[in-house]
Amino acid sequence: MNRFVAAERALRTAAPHELLSAVRRVLSERYEADAVELFMADYGLTVLQPVSVLPHTLEPVPVHDSPAGRAFGAQEPYAEPVGGGRVRVHLPVTVRGDRLGVLSVTLSDGDHATACRAELAEIAEVLGHEVVVAERDTDLYLQARRKDRLTLAAEMQWQLLPGRSCARPEYELGAQLEPAYAIFGDNFDWSATADRFMLYVTNGMGEGIEASLLTNLAINALRNARRAGIPLADQAALADQAVYAHYRGRCYLSVLMFDFDLATGRARVVDAGSPQMLRLRGGTAERITFEAQLPLGMFEETDYVAQEFRAEPGDRLVFVSDGVYDVASPRGEAYGDAALSRAIQSTRLLPAAEVPRAILRELTGHRGRTAPDDDALVVCLDWRGR
């Protein structure tokens, strides 16, 4: 049997919690691997956490200063000499642009590593797909993603998200929430078909569990309307009714909603509250404003109107919550006044999946202290078009 087919079959037939054991066994038998380790990116995107069963475990690997982190960031295999002629090949574990982690394979010979690198990269991709499916039946990989304990509100928010990045020929998308282990209200959601791409950016209200419950209600109401094939403005109206029916105006939710036509870049937009969008085009970053409408659930039976927008190939769209643009420096300067535009320009060469984390790092420097007063959301969309 072809060795790649054997590896693929071993992964597809393994029990959900035994994927690493299966890939270790087949890589040892078919590729003469000396060692195989799987690392998952943590929620804060700061370290790669080893997948293992306690008490047997490895140390986390930094994302920004390690060979494995280099493969993760560049999304390309990276070979690391480890002495005695051996080579450790670090392979991105990614599913449709969603970067999950890194598979590290140690081989006894550098030439052998070069010869089978392409096959190993494909095996890492198959492993990624199997991890996503396995997460329905085991907590092993979700546990490996956390270097600290999540608050309950954060647990609810991360489970609500579709992923942290995705890619298609027409676009590339990346998003990040902070503080990763204690978020409570901000959120994002997306969905694509053959012809359309919908994106929601949510700015939550309140704190802790109450904020998370509000966001869960609103996002699921929007999804329910979207999956019924209802137009964007009516999705907002139905979600508005759902939130108002439960909270009677005591709590409400801000959301910025887009429905893109993948063939033309034309979009229908509903701006219901506080999330903001900046566009980088031709080296210039500028805020794009829409007609502001009421947040979801503020008043009973609010009508929403969709506006027009068009993305051009090469545009970078950056969406931020008020926990980003309202943050003040020690001198009182709001981050959204000028520092945010500078950050978008300074990160223009990074891929979309890297931009949110880079902007949030700069936000920490602007704030002048580590602990934020509010949770923060950054979403970056690179539009390529057809």
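The values are calculated or read from the model by the stated rules, or taken from the named source; none is laboratory data. Small disclaimer: the values here were computed from a predicted structure and weren't measured. Positions of Cβ are generated from backbone atoms using ideal geometry, with glycine treated the same way; all protein chains shown enter the neighbour counts. All accessible areas refer to the heavy atoms of the entire protein, side chains included, with ligands and DNA or RNA removed. Shrake-Rupley method; radii C 1.70, N 1.55, O 1.52, S 1.80 Å.
Karplus-derived 3J(HN,Hα) values for segment 31-46, using 6.51 cos²θ - 1.76 cosθ + 1.60 with θ = phi - 60°, are 10, 6, 6, 7, 7, 9, 9, 10, 10, 10, 5, 6, 5, x, 6, 9 Hz; glycine and proline are entered as x. Between residue 132 and residue 46, the modelled labels are 2.8 nm apart [label points 7 Å from Cα along Cα→Cβ].
For the chain, modelled as a GNM whose springs connect Cα atoms under 10 angstrom apart, the maximal fluctuation among 45, 253, 91 occurs at 45.
Identify which of 229, 368, 101 has the largest mean-square fluctuation in a Gaussian network model of the chain, with springs joining Cα atoms closer than 10 Å. It is 229. Whole-Hz Karplus values for segment 351-358 come out as x, 4, 5, 8, 5, x, 5, 5 Hz, taken residue by residue from phi with 6.51 cos²θ - 1.76 cosθ + 1.60 and θ = phi - 60°; glycine and proline positions read x. For the pair segment 23-62 / segment 338-369, the C-alpha centres are spaced 30 Å from each other. Quick one: grab the alpha carbon gyration tensor of segment 221-292, order the square roots of its eigenvalues as a ≥ b ≥ c, and give me rounded if a/c is under 1.5, else prolate or oblate depending on whether a/b is larger than b/c. Since a/c reaches 1.5 but b/c is at least a/b, the shape of segment 221-292 is classed as oblate. What is the calculated FRET efficiency for residue 216 to residue 281, with r their C-beta to C-beta distance and R₀ = 45 Å, to the nearest 0.05? My answer for the efficiency is 0.80.
Tell me what the chain gives for mean residue ellipticity at 222 nm when only DSSP H runs of n ≥ 4 count, each as -39,500 (n - 2.57), the sum divided by the residue total, rounded to 500 deg cm²/dmol. Per the formula, -10500 deg cm²/dmol. Taking the Cα-to-Cβ direction at residue 3 and at residue 266 and moving 7 Å from each Cα, how far apart do the two end points lie in nm? Between residue 3 and residue 266, the simple spin-label model gives 5.3 nm. The separation of segment 309-334 from segment 125-204, counted between C-alpha centres, amounts to 21 Å.
For segment 31-76, just say rounded, prolate or oblate: build the C-alpha gyration tensor, square-root its eigenvalues into a ≥ b ≥ c, call rounded for a/c under 1.5, and beyond that prolate if a/b exceeds b/c, oblate if not. Verdict is oblate for segment 31-76. Here segment 359-374 is scanned for amide nitrogen atoms under 12 Å from the site 7 Å beyond the Cα of residue 333 along Cα-to-Cβ, giving 366-367. Taken one residue at a time, the phi angles of segment 146-155 give Karplus couplings (6.51, -1.76, 1.60, θ = phi - 60°) of 10, 8, 9, 6, 7, 5, 4, 4, 5, 4 Hz. Gly and Pro are set to x.
Between residue 308 and residue 13, the contour length at 0.36 nm per residue exceeds the Cα-Cα span by 101.4 nm. Just the accessible area per residue of the chain, please: how many Å² with a 1.4 Å probe? Spelled out: the 1.4 Å probe surface of the chain, per residue, equals 44 Å².
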